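Nothing in this text is a laboratory measurement; each read-out follows from the coordinates by a stated rule. Keep in mind that this is a model prediction, so the values were computed, not measured. So basically every Cβ, Gly included, is an ideal-geometry build from the backbone, and we count neighbours across all protein chains shown.
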Amino acid sequence: MHLSPFFHNLRSAYVAELEDMSHDSDGAFVLQQRLAQRRGELEFLVHMLELSPEMVAVVFHKAFSFNAPAAMAQLLGSEPEDLPEWDSLSASLTVAPWAQGMLRTVRAQPVGDWFLVVAAACEYMLAVPGATAAAGADDDSDDGDDAREAETADDDNYLSADDDTRGDAQTREDAGADWLADQGFDRKD
């Protein structure tokens with residue numbers, strides 16, 4: 001899968017956002033509760049559509065079904081100013097009924113259609129083999145099953161599901177310190 005620099009960076013940010021939302025400080029899986037909270041804040045979040053799309057796009061987690069993978073793959077090679085119109089892309093996917101109200105809210109914004117294309121791309125990148133998926137991201141369906149996204153090898157330093165569930169706080173702390181150091185922050189020690 002060829003990603004433009006925009007989507008390469010956005011994929012990393014989106015995965016990190018989902019991972020951050022997935023577990024509370026005690027390690028309990030709380031993604032569904034946090035997604036529900038974020039979805040309830042959409043009226044406020046629409047002001048961040050262009051500035052921080054990854055923070056808002058999570059409200060559409062598991063909202064899209066993709067009918068034309070070739071159209072989505074082509075989209076991922078585009079830069080933000082070259083994205084297709086939402087009306088043309090929407091023929092390539094299906095939006096879940098539970099997300100229709102949010103879709104209307106977002107489309108009412110000046111950059112809403114652009115954002116929806118970006119949100120669909122974020123979700124597509126999670127579903128495609130070779131894209132990094134959030135550890136523990138679960139299904140929004142009402143059947144109660146937790147569907148884990150497949151996590152693949154990537155150059156990014158994310159904790160795997162095994163790292164996050166083994167309960168080794170020191171390992172998680174070290175991994176977090178390594179990640180912060182990679183981002184240019186000084187180590188505490």
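How much length is gained on full extension from A181 to S65, taking 0.36 nm per residue of separation minus their Cα-Cα distance?
Details: separation 116, 0.36 × 116 = 41.76 nm, distance 3.72 nm.
Gain in length upon complete extension: 38.0 nm.
Can you compute the modelled spin-label distance between T105 and H8, with each label point 7 Å from Cα toward Cβ, in nm?
It works out to 3.4 nm between the two label points.
List the residues, sorted by chain then number, that are 5 or more residues from L93 or on another chain and whose placed amide H is less than 5 Å from its amide H.
Close amide H contacts, sequence-distant or interchain: N67.
Taking the number of other C-beta atoms within 10 Å as the exposure measure, put Y124, Y14 in order starting with the fewest.
Arranged by neighbour count, lowest to highest, Y124, Y14 become Y124, Y14.
Which of S65, S25, S78, S92 comes first, and how do the rest follow, when ranked by fewest Cβ neighbours within 10 Å?
Details: S65 11, S25 6, S78 16, S92 19.
The most exposed by this proxy come first: S25, S65, S78, S92.
Explain nothing, just compute: Karplus ³J(HN,Hα) = 6.51 cos²θ - 1.76 cosθ + 1.60, θ = phi - 60°, for every residue of the stretch 28-42 in order, whole Hz, x for Gly and Pro.
6, 6, 10, 4, 4, 5, 6, 5, 4, 5, 4, 5, x, 9, 4
Whole-Hz Karplus ³J(HN,Hα) for the stretch 117-123, in order, using 6.51 cos²θ - 1.76 cosθ + 1.60 and θ = phi - 60°, x for Gly and Pro?
The phi angles translate into 5, 5, 4, 4, 5, 4, 5 Hz.
Once amide H atoms are built 1.01 Å from N in the peptide plane, which residues 5 or more positions from H23, or in another chain, come under 5 Å H to H?
When sequence neighbours closer than 5 places are left aside, the close amide H contacts are V30.
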